[in-house]
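Following: one structure in structure tokens, then a few remarks.
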Amino acid sequence: MSNPVHDRITTLVTSNDVVLFMKGTPFFPQCGFSSTAIQILERLGVGFESVDVLADPEIRAGIKDYSDWPTIPQLYVKGEFVGGSDIMIEMFQAGELQALVAEAGIASQA
């Protein structure tokens, strides 16, 4: 049986190259981890779609089940789950996130 929330999440992550499920918005993040994630994406210079989980309780609960990851923010690149802000920090510092984005063919907008 189809899960409508998972279907909505699947549509979001497959119709956008980069998607960040976060608390708040890029202009007004509502937690430090979401703020950190936004700063990393801005440093990468890539366009991204953000989803404010605080504005949609179904997505907030559903994304944790969808990814089998307990925390928010959550980053997806080309439909694949990357991780939360801690993983984003580690990957960015090691140059792995930049490589992942480049290998996915996502051009910098900077």
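Let me confirm something: among Ile72, Ile59, Ile40, Ile63, which residue is open to solvent by less than 70 Å² (accessible area, probe 1.4 Å) and more than 20 Å from Thr14 (Cα to Cα)?
Going through Ile72, Ile59, Ile40, Ile63 in turn, the sole match is Ile40.
Given the structure, is Arg60 charged (D, E, K, R) and closer than 24 Å to Gly105 by Cα?
No; evaluated as a whole, the condition is false for this residue.
Which one is modelled with the lowest pLDDT, of the residues in region 1-18 that are assigned to a loop (DSSP other than H, G, I, E, B) and over 12 Å from the mean Cα position of the chain (by Cα)?
Result: Met1.
Give me the pairs, please: first residue somewhere in region 52-75 and without any contact (Cβ under 8 Å) to a residue 24 or more places away in the chain, second residue anywhere and in a helix (DSSP H, G or I) and of a type in the set (A, V, I, L, M), beta-carbon distance under 6 Å, and either six or more positions apart or on two chains.
Arg60/Val53
Condition first: surrounded by 17 or more Cβ atoms within 10 Å (Cβ to Cβ), over 14 Å from Leu75 (Cα atoms) and in contact (Cβ under 8 Å) with a residue 24 or more places away in the chain. Now tell me which residues in region 9-37 satisfy that.
Matches in region 9-37: Gly24 only.
The values are calculated or read from the model by the stated rules, or taken from the named source; none is laboratory data. None of these values were measured; they are calculated from a predicted model. Positions of Cβ are generated from backbone atoms using ideal geometry, with glycine treated the same way; all protein chains shown enter the neighbour counts. SASA here: full protein model, heavy atoms, side chains in, ligands and nucleic acids out. Shrake-Rupley method; radii C 1.70, N 1.55, O 1.52, S 1.80 Å.
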